[in-house]
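First comes the structure, then the notes that go with it.
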Amino acid sequence: QVQLVESGGGLVQAGGSLRLSCAASRSIFSINAMGWYRQAPGKQRELVARIISNGNTNYADSVKGRFTISRDIGKNTVYLHMNSLKPEDTAVYYCNGQFIGTDYWGQGTQVTVSS
């Protein structure tokens, strides 16, 4: 099993930056893929960014060039660096880990971007 704990959400003005952190209960090197998803009110949960075990990354088109996913293997932590935030980035952000065919989720952290 994998426990994931997010932190770093908050309220920020448009154009600002935030960094989200996701701490895993086991080595992230052993986890097939880790990613960040978000869900805005009334919308489906969507993939924001993902990093797989070999270090390859992929991003939603809406965040390319603004968000960066990274990891610190020694700290078992994955980060989402968010720059040039927009009001439409407002959502609950969830950390996800895919381990032996099972999806694990964190509790979510709220990001609110004011205009």
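Of the residues making up segment 53-85, those that are of a type in the set (F, W, Y) and under 19 Å from G108 (Cβ atoms) are F67, Y79. Output the residues belonging to segment 17-74 that are open to solvent by 50 Å² or more (accessible area, probe 1.4 Å), without any contact (Cβ under 8 Å) to a residue 60 or more places away in the chain, among the small types (G, A, S) and farther than 19 Å from Q3 by Cβ. Answer for segment 17-74, where residues must be open to solvent by 50 Å² or more (accessible area, probe 1.4 Å), without any contact (Cβ under 8 Å) to a residue 60 or more places away in the chain, among the small types (G, A, S) and farther than 19 Å from Q3 by Cβ: G42, S62, G65. Consider S62 carefully, then state whether it is of a type in the set (S, T, Y) and not in a strand (DSSP E or B). Spelling it out, S62 is indeed of a type in the set (S, T, Y) and not in a strand (DSSP E or B).
Candidates R71, R50, R66: the one that is under 17 Å from V92 (Cα atoms) and charged (D, E, K, R) is R50.
Of all residues in segment 97-115, those that are at positive phi have Cβ atoms under 9 Å from Cβ atoms of residues that are assigned to a loop (DSSP other than H, G, I, E, B), 6 or more apart or on another chain, in I100/N32; G101/N32; G108/G9.
The values are calculated or read from the model by the stated rules, or taken from the named source; none is laboratory data. Owing to the predicted nature of the structure, the values given are computational and were not obtained by experimental measurement. Ideal geometry is used to build each Cβ from the backbone, glycine not excepted, and the neighbour counts take in all protein chains shown. SASA here: full protein model, heavy atoms, side chains in, ligands and nucleic acids out. Shrake-Rupley method; radii C 1.70, N 1.55, O 1.52, S 1.80 Å.
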